[in-house]
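Read-outs: derived from the displayed coordinates by stated rules, not from any lab. Model, not experiment: these values are computed from the prediction. Glycine also receives a Cβ, built like all others from the backbone with ideal geometry; neighbour counts cover every protein chain displayed.
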Amino acid sequence: MHSGRVPGLSSIGIRMPSNKIARVLIKAANVPIAAPSANISGRPSPTDVERCIEDLEGKVDYILGGDMCEFGVESTVIDCTVSPSCILRPGRITLEMLKKIEEDAYIDPAIMKKPDGKIKPKAPGMKYRHYAPKAKVKIVRGDLKKTIAKINEMVQNYIDENKEVGIIATDETKLYYKDALVISLGSRKNMIEVSKNLFETLRRFDDSNVDIIISEAFYEKGMGVAVMNRLQKSAGFDITEV
């Protein structure tokens, strides 16, 4: 198994990955493996081996990798030291799935709002600003038609300031934007696809050296909770309501 700890806490996190290569490594080791995640803290996580090499080349002796991550966002972290169990980091194992096992399970309300600086993180990814690209990220949330109009308005304002703008859109909305670098995360009807593409999209904007990234918001249910958790952290909770 892969285990890790958040510094300063007495608890430990344990997980068994679904990835076949990771399972072969664990079996070959024949002991539990204590290791951090293969990413730089605070930055958008790598979702394929090439991005991992970008981050870690020269910092580690070996990199063992395979295909692109199946779900894109990090694993769900569940606090089992409390009853009922509490989700500290949303991921592919959603609250709806957990409730089938433990009816009263819940999500820590602190993870979906701007955190109090006095709160001590219980799990990875609970920092105020995390998963952040080089460019400033802003989120527009509300009615989709109003969201599109607001984003187009913001783009023109940034262009007037001689800034390069990137837009995180979806297949349903990407054609409504202009005068910016537009990247679709996929269809709003397929949140697995959206989650899979999120971090790579943030990294593509870094590659393009945009100054501002404006993202549409997503409905916070199922995998949408994990997507919005990562987006809000990457934006430092800079959200415009429409």
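Summary of values
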| read-out | value |
| --- | --- |
| Within region 199-239, tally of residues that are among the β-branched types (Val, Ile, Thr) and on the phi > 0 side of the Ramachandran plot | 0 |
| Members of region 48-76 that are in contact with a Pro (Cβ under 7 Å, 6 or more places away or on another chain) and of a type in the set (Val, Ile, Thr) | 76 |
| Those residues of region 72-97 which are farther than 13 Å from residue 13 by Cα and of a type in the set (Asp, Glu), in sequence order | 74, 96 |
| Which numbered condition residue 22 fails, given (1) touching a residue at least 40 places away in the same chain (Cβ under 8 Å); (2) under 22 Å from residue 93 (Cβ atoms) | (1) |
| Residue list for region 20-56, filter: among the polar types (S, T, N, Q) and surrounded by 14 or more Cβ atoms within 10 Å (Cβ to Cβ) | 37, 39, 45, 47 |
| Residues within region 173-190 that are in a loop (DSSP other than H, G, I, E, B), within 23 Å of residue 134 (Cα to Cα) and hydroxyl-bearing (Ser, Thr, Tyr), tallied | 1 |
| Enumeration of residues in region 163-184 that are closer than 16 Å to residue 204 by Cα and in contact (Cβ under 8 Å) with a residue 24 or more places away in the chain | 164, 165, 166, 167, 168, 169, 170, 180, 181 |
| Test for residue 70: is it out of contact with any strand residue (DSSP E or B) (no Cβ under 7 Å at 6 or more places or on another chain) and over 22 Å from residue 20 (Cβ atoms) | no |
| Selection within region 204-216 - surrounded by 22 or more Cβ atoms within 10 Å (Cβ to Cβ) and not acidic (Asp, Glu) | 205, 210, 213, 214, 215 |
| Qualifying residue in region 211-218 (condition: over 21 Å from residue 69 (Cβ atoms) and part of a helix (DSSP H, G or I)) | no |
| Residue match in region 191-210 (condition: touching a Leu at 6+ places or on another chain (Cβ under 9 Å), of a type in the set (Lys, Arg) and part of a loop (DSSP other than H, G, I, E, B)) | no |
